[in-house]
1. With the requirement that a residue be of a type outside the set (S, T, N, Q), at pLDDT below 90 and in a helix (DSSP H, G or I), what does the stretch 129-153 give you?
2. Select, from Lys156, Lys164, Lys119, Lys126, the only residue that is loosely packed, with under 12 Cβ neighbours inside 10 Å and not in a loop (DSSP other than H, G, I, E, B).
3. Between residues in the stretch 156-171 that are over 19 Å from Glu78 (Cβ atoms) and touching a residue at least 24 places away in the same chain (Cβ under 8 Å) and residues that are of a type in the set (Val, Ile, Thr) and outside any helix (DSSP H, G or I), which pairs lie under 9 Å by C-beta distance while being six or more apart or on different chains?
4. Return yes or no: is His98 within 24 Å of Asn152 (Cβ to Cβ), at pLDDT 85 or above and surrounded by 13 or more Cβ atoms within 10 Å (Cβ to Cβ)?
5. Would you be able to say whether some residue in the stretch 170-177 is surrounded by fewer than 13 Cβ atoms within 10 Å (Cβ to Cβ) and in a loop (DSSP other than H, G, I, E, B)?
Amino acid sequence: MPCRKNGSKGMGEIMKSISFFNYLIISLVFLVFGCHTNHHDNSKTKYINMEKNNSSIVPIKENLDTSNYIHWKLATNENVFVKKVWSDSKEQNCKGCHQGYDLRDIIGKKHKKSHWDIKLKHASNKIMNCQTCHNKDAVWKFNFGQKNVTANYSMKLCSGCHFKQRKDWELGAHGKRENGWRYKRAIYNCVSCHNPHSPTFKMRWPKVAPYRPINNEGRL
(Lines give C-alpha, C1' and ligand atoms only; values in the text may rest on other atoms or scores of the structure.)
Protein backbone atom coordinates (compact mmCIF):
# COMPACT_ATOMS: atom_id res chain seq x y z
CA MET A 1 0.00 0.00 0.00
CA PRO A 2 2.74 2.58 0.85
CA CYS A 3 4.39 1.78 -2.46
CA ARG A 4 1.12 2.28 -4.35
CA LYS A 5 0.60 5.65 -2.62
CA ASN A 6 4.09 6.81 -3.45
CA GLY A 7 3.61 5.54 -7.00
CA SER A 8 0.35 7.49 -7.40
CA LYS A 9 2.02 10.66 -6.16
CA GLY A 10 4.89 10.16 -8.65
CA MET A 11 2.47 9.82 -11.56
CA GLY A 12 0.73 13.03 -10.57
CA GLU A 13 3.99 14.95 -10.61
CA ILE A 14 4.83 13.45 -14.00
CA MET A 15 1.44 14.52 -15.40
CA LYS A 16 1.94 18.04 -14.05
CA SER A 17 5.40 18.24 -15.58
CA ILE A 18 4.03 17.01 -18.93
CA SER A 19 1.28 19.63 -18.84
CA PHE A 20 3.81 22.36 -18.07
CA PHE A 21 6.05 21.09 -20.89
CA ASN A 22 3.15 21.21 -23.37
CA TYR A 23 2.25 24.70 -22.22
CA LEU A 24 5.84 25.79 -22.69
CA ILE A 25 5.98 24.34 -26.23
CA ILE A 26 2.69 25.97 -27.22
CA SER A 27 3.85 29.34 -25.84
CA LEU A 28 7.13 29.19 -27.78
CA VAL A 29 5.33 28.23 -30.99
CA PHE A 30 2.92 31.13 -30.56
CA LEU A 31 5.71 33.59 -29.87
CA VAL A 32 7.85 32.49 -32.81
CA PHE A 33 5.18 32.15 -35.47
CA GLY A 34 2.94 34.88 -34.12
CA CYS A 35 5.75 37.47 -34.10
CA HIS A 36 7.02 36.31 -37.48
CA THR A 37 3.54 36.68 -38.97
CA ASN A 38 3.18 40.19 -37.57
CA HIS A 39 6.58 41.27 -38.86
CA HIS A 40 5.85 39.71 -42.22
CA ASP A 41 2.52 41.52 -42.47
CA ASN A 42 4.13 44.84 -41.53
CA SER A 43 6.93 44.46 -44.06
CA LYS A 44 4.42 43.46 -46.73
CA THR A 45 2.32 46.53 -45.98
CA LYS A 46 5.38 48.80 -46.17
CA TYR A 47 6.37 47.19 -49.44
CA ILE A 48 2.91 47.80 -50.91
CA ASN A 49 3.04 51.43 -49.77
CA MET A 50 6.45 51.88 -51.40
CA GLU A 51 5.11 50.42 -54.64
CA LYS A 52 2.22 52.90 -54.58
CA ASN A 53 4.68 55.79 -54.22
CA ASN A 54 6.78 54.67 -57.21
CA SER A 55 4.82 56.96 -59.49
CA SER A 56 6.37 59.99 -57.75
CA ILE A 57 9.94 58.89 -58.49
CA VAL A 58 11.66 60.81 -61.30
CA PRO A 59 12.34 58.53 -64.30
CA ILE A 60 15.89 58.18 -65.58
CA LYS A 61 15.35 60.20 -68.77
CA GLU A 62 14.51 63.25 -66.63
CA ASN A 63 16.83 62.50 -63.76
CA LEU A 64 19.96 62.21 -65.92
CA ASP A 65 21.27 64.33 -68.74
CA THR A 66 22.07 61.43 -71.05
CA SER A 67 24.29 63.65 -73.20
CA ASN A 68 26.86 63.39 -70.39
CA TYR A 69 27.00 59.61 -70.75
CA ILE A 70 28.02 57.04 -73.33
CA HIS A 71 26.12 53.80 -73.93
CA TRP A 72 28.07 50.71 -72.99
CA LYS A 73 27.01 47.15 -73.73
CA LEU A 74 27.98 44.60 -71.08
CA ALA A 75 28.90 40.97 -71.66
CA THR A 76 25.38 40.16 -70.43
CA ASN A 77 23.98 42.26 -73.34
CA GLU A 78 22.70 44.82 -70.83
CA ASN A 79 23.07 48.45 -71.93
CA VAL A 80 24.27 50.87 -69.25
CA PHE A 81 25.18 54.55 -69.06
CA VAL A 82 28.86 55.37 -68.41
CA LYS A 83 29.80 58.88 -67.28
CA LYS A 84 31.86 60.86 -69.79
CA VAL A 85 35.22 62.25 -68.70
CA TRP A 86 36.26 63.70 -72.05
CA SER A 87 34.83 66.42 -74.27
CA ASP A 88 35.58 68.20 -77.53
CA SER A 89 36.80 71.28 -75.66
CA LYS A 90 39.40 69.24 -73.79
CA GLU A 91 40.54 67.69 -77.05
CA GLN A 92 40.99 71.13 -78.62
CA ASN A 93 43.21 72.15 -75.70
CA CYS A 94 45.48 69.17 -76.41
CA LYS A 95 45.55 69.89 -80.12
CA GLY A 96 46.70 73.45 -79.43
CA CYS A 97 50.16 72.12 -78.57
CA HIS A 98 50.32 68.53 -79.76
CA GLN A 99 48.71 68.53 -83.19
CA GLY A 100 51.30 68.00 -85.93
CA TYR A 101 53.99 66.75 -83.55
CA ASP A 102 55.09 63.21 -82.94
CA LEU A 103 55.14 62.36 -79.25
CA ARG A 104 58.73 61.10 -79.55
CA ASP A 105 59.86 64.46 -80.95
CA ILE A 106 58.59 66.56 -78.06
CA ILE A 107 60.25 64.56 -75.28
CA GLY A 108 63.48 66.11 -74.10
CA LYS A 109 65.05 69.09 -72.35
CA LYS A 110 63.33 71.60 -74.62
CA HIS A 111 59.91 70.46 -73.50
CA LYS A 112 60.66 69.25 -69.99
CA LYS A 113 58.28 71.82 -68.44
CA SER A 114 55.30 70.37 -70.28
CA HIS A 115 53.12 68.39 -67.87
CA TRP A 116 55.87 68.72 -65.28
CA ASP A 117 53.52 67.65 -62.46
CA ILE A 118 52.76 64.24 -63.99
CA LYS A 119 54.66 61.34 -62.47
CA LEU A 120 54.10 57.90 -63.92
CA LYS A 121 53.57 55.50 -61.01
CA HIS A 122 51.47 52.95 -62.80
CA ALA A 123 54.13 50.33 -63.48
CA SER A 124 57.87 50.01 -63.83
CA ASN A 125 59.57 52.14 -66.51
CA LYS A 126 60.71 48.89 -68.10
CA ILE A 127 57.06 47.88 -68.58
CA MET A 128 55.39 51.11 -69.65
CA ASN A 129 56.01 54.70 -70.64
CA CYS A 130 53.91 57.50 -72.15
CA GLN A 131 53.54 55.75 -75.50
CA THR A 132 52.26 52.56 -73.89
CA CYS A 133 48.86 54.22 -73.63
CA HIS A 134 49.05 57.54 -75.52
CA ASN A 135 48.89 57.48 -79.29
CA LYS A 136 52.10 58.98 -80.67
CA ASP A 137 50.33 60.97 -83.42
CA ALA A 138 47.28 62.02 -81.42
CA VAL A 139 48.35 62.29 -77.78
CA TRP A 140 44.79 62.94 -76.61
CA LYS A 141 43.80 59.45 -77.72
CA PHE A 142 44.86 56.04 -76.43
CA ASN A 143 46.18 52.97 -78.18
CA PHE A 144 43.72 50.11 -78.40
CA GLY A 145 45.05 47.46 -80.75
CA GLN A 146 45.04 48.86 -84.29
CA LYS A 147 42.57 51.59 -83.25
CA ASN A 148 42.57 54.40 -80.71
CA VAL A 149 39.95 55.59 -78.25
CA THR A 150 39.28 58.68 -76.15
CA ALA A 151 39.27 58.72 -72.37
CA ASN A 152 35.51 58.09 -72.42
CA TYR A 153 36.33 54.53 -73.48
CA SER A 154 39.29 54.02 -71.18
CA MET A 155 37.58 50.79 -69.98
CA LYS A 156 38.75 49.15 -73.20
CA LEU A 157 42.35 50.16 -72.62
CA CYS A 158 42.42 49.42 -68.88
CA SER A 159 40.87 45.98 -69.31
CA GLY A 160 43.83 44.90 -71.45
CA CYS A 161 45.73 44.37 -68.18
CA HIS A 162 43.03 44.69 -65.52
CA PHE A 163 40.58 42.17 -66.96
CA LYS A 164 39.47 40.91 -63.54
CA GLN A 165 38.61 44.44 -62.46
CA ARG A 166 36.66 44.97 -65.67
CA LYS A 167 34.57 41.88 -64.94
CA ASP A 168 33.85 43.14 -61.42
CA TRP A 169 33.10 46.61 -62.79
CA GLU A 170 30.57 45.26 -65.28
CA LEU A 171 28.89 43.09 -62.64
CA GLY A 172 28.68 46.02 -60.23
CA ALA A 173 31.19 44.83 -57.60
CA HIS A 174 33.81 47.41 -58.59
CA GLY A 175 33.32 51.11 -59.13
CA LYS A 176 30.44 53.39 -58.27
CA ARG A 177 26.84 53.60 -59.37
CA GLU A 178 25.62 57.15 -59.75
CA ASN A 179 21.88 56.88 -60.15
CA GLY A 180 20.73 54.53 -57.37
CA TRP A 181 19.35 51.02 -57.69
CA ARG A 182 15.82 51.73 -58.95
CA TYR A 183 16.87 53.00 -62.34
CA LYS A 184 18.82 51.86 -65.36
CA ARG A 185 22.49 51.58 -64.38
CA ALA A 186 24.56 54.76 -64.63
CA ILE A 187 28.15 54.09 -63.61
CA TYR A 188 31.51 55.83 -63.49
CA ASN A 189 34.35 55.40 -65.94
CA CYS A 190 37.68 53.90 -64.78
CA VAL A 191 39.48 57.25 -64.91
CA SER A 192 36.59 58.98 -63.13
CA CYS A 193 37.99 57.51 -59.93
CA HIS A 194 41.55 56.42 -60.78
CA ASN A 195 44.34 58.72 -61.87
CA PRO A 196 45.74 56.74 -64.83
CA HIS A 197 49.28 57.97 -64.10
CA SER A 198 49.06 56.97 -60.44
CA PRO A 199 45.99 54.72 -60.02
CA THR A 200 46.59 53.58 -56.44
CA PHE A 201 44.43 55.42 -53.92
CA LYS A 202 46.27 57.21 -51.15
CA MET A 203 45.48 56.29 -47.55
CA ARG A 204 42.79 58.52 -46.10
CA TRP A 205 40.49 58.78 -43.11
CA PRO A 206 36.90 57.61 -43.59
CA LYS A 207 34.24 60.32 -43.59
CA VAL A 208 31.17 60.34 -41.38
CA ALA A 209 27.94 59.78 -43.28
CA PRO A 210 25.74 62.90 -43.56
CA TYR A 211 22.65 63.15 -41.39
CA ARG A 212 19.53 62.37 -43.41
CA PRO A 213 16.24 62.38 -41.48
CA ILE A 214 13.63 59.72 -42.29
CA ASN A 215 10.12 60.92 -43.11
CA ASN A 216 6.85 59.40 -41.93
CA GLU A 217 6.81 56.96 -44.83
CA GLY A 218 10.09 55.41 -43.71
CA ARG A 219 12.02 56.79 -46.70
CA LEU A 220 15.05 59.08 -46.80
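1. Matches in the stretch 129-153: Cys130 only.
2. Result: Lys164 is the single residue among Lys156, Lys164, Lys119, Lys126 that is loosely packed, with under 12 Cβ neighbours inside 10 Å and not in a loop (DSSP other than H, G, I, E, B).
3. If the second residue must be of a type in the set (Val, Ile, Thr) and outside any helix (DSSP H, G or I), the pairs left are Leu157/Val149.
4. Values: within 24 Å of Asn152 (Cβ to Cβ): yes; at pLDDT 85 or above: no; surrounded by 13 or more Cβ atoms within 10 Å (Cβ to Cβ): yes.
Judged against the criteria, His98 is not a match.
5. The initial filter retains those residues of the stretch 170-177 that are surrounded by fewer than 13 Cβ atoms within 10 Å (Cβ to Cβ), namely 171, 173, 176.
Keeping just the survivors that are in a loop (DSSP other than H, G, I, E, B) gives 173, 176.
So far as the stretch 170-177 goes, yes, one or more of its residues are surrounded by fewer than 13 Cβ atoms within 10 Å (Cβ to Cβ) and in a loop (DSSP other than H, G, I, E, B).
The values are calculated or read from the model by the stated rules, or taken from the named source; none is laboratory data. Worth saying up front: this structure is predicted, and the values here are computed from it rather than measured. Every residue, glycine among them, receives a Cβ derived from its backbone with ideal geometry; neighbour counts consider all protein chains shown.
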